[in-house]
Amino acid sequence: MSARILIVEDEPAIRELLGVNLRHAGHLPTGVESAEAAQAHLDVMIPDLIILDWMLPGQSGIDYAKRLRADPRTREIPILMLTARAQEGDKLQGFDVGADDYVTKPFSPRELLARVRALLRRAAPETAEDPVEVAGIRLEPATLRVFAGDTPVSLSPTEFRLLHFFMKHPDRVLSRSRLLDNVWGDHVYIEERTVDVHIRRLRLALQPTGHDRLIETVRGGGYRFLPA
């Protein structure tokens, strides 16, 4: 799968390393050194994926990720956060602002390419699937749209997949590990607490219409999506 990938990284050597490896994998990378340069690129062309460094001159990667998720044109682009920050709290902060995956420096190019492939697969619309409707929520896999009643709901790609999995398995207790395997993929190694971050964001998105109550926390078990 060839993809247009925007690399936002201020260190030229790392930017070049990423570009070389992505081109060898058949992708079409473009490298920029700042959030401002990235935005200028996005004003012209929307990429299939963004690799975003945390520490950037001017606007930080964290702040820029928030900006991307707030913009209807860019909120669905998968974001792979790249940073030297390796503490769990830093990773959770990255996920909390909308990153879909997280790679720490120094990194293995092979691992990074595997993460890129996984994100691109997960972001591809499942056009063969029919819409799903449960408890007043309608999810359309082909168009990546969600409605709570008649109200459109704005979700990131990860939140969309999470809600889709919930709606296809109503009234079942789903452990964090099962959600990680089925929503993120069993080849992606991230902490189970990441699930809690995305559940919180999904609930916030559903809160204005009262549908957040459909996602129940099961103590010691995980989460359950109530069908009514």
The simple spin-label model distance between T143 and M45, using points 7 Å out along Cα→Cβ, in nm, is 2.8 nm
Per-residue accessible area, 1.4 Å probe, largest first, puts V20, V32 in the order V20, V32
The extension gain from D96 to N182, computed as 0.36 nm times the residue separation minus the Cα-Cα distance, is 29.0 nm
Computed for the chain: size of charge dipole around the Cα centre, +1 on C-beta of each Lys and Arg, -1 on C-beta of each Asp and Glu, debye to nearest 20, value 440 debye
Rounded to a whole %, the carbon-and-sulfur portion of the accessible area of the stretch 1-116 at a 1.4 Å probe is 52 percent
Expected field for S60, accessible surface area in Å² at 1.4 Å probe radius, rounded to 10, holds 30 Å²
Rounded to 0.05, the calculated FRET efficiency for the beta carbons of E11 and D150 at R₀ = 30 Å is 0.05
Checking rank on 162-168, 7-13, with mean other Cβ inside 10 Å and highest first, the result is 162-168, 7-13
Once phi for every residue in the stretch 16-21 is put through the Karplus expression 6.51 cos²θ - 1.76 cosθ + 1.60 (θ = phi - 60°), the whole-Hz ³J(HN,Hα) values, with Gly and Pro written as x, are 5, 4, 5, x, 4, 5
At q = 0.13, 0.14, 0.18 Å⁻¹, the log10 of I(q)/I(0) for the chain from a Debye sum over equal Cα scatterers comes to -0.76, -0.88, -1.37
Per residue, accessible area of the chain with a 1.4 Å probe, heavy atoms of protein chains only, in Å², comes to 47 Å²
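The values are calculated or read from the model by the stated rules, or taken from the named source; none is laboratory data. Fair warning: this is a prediction, and the values are worked out from it, not measured in the lab. Cβ atoms come from the backbone with ideal geometry, glycine included; neighbour counts cover every protein chain shown. What goes into the accessible areas is simple: the full protein's heavy atoms, side chains included, and nothing from ligands, DNA or RNA. Shrake-Rupley method; radii C 1.70, N 1.55, O 1.52, S 1.80 Å.
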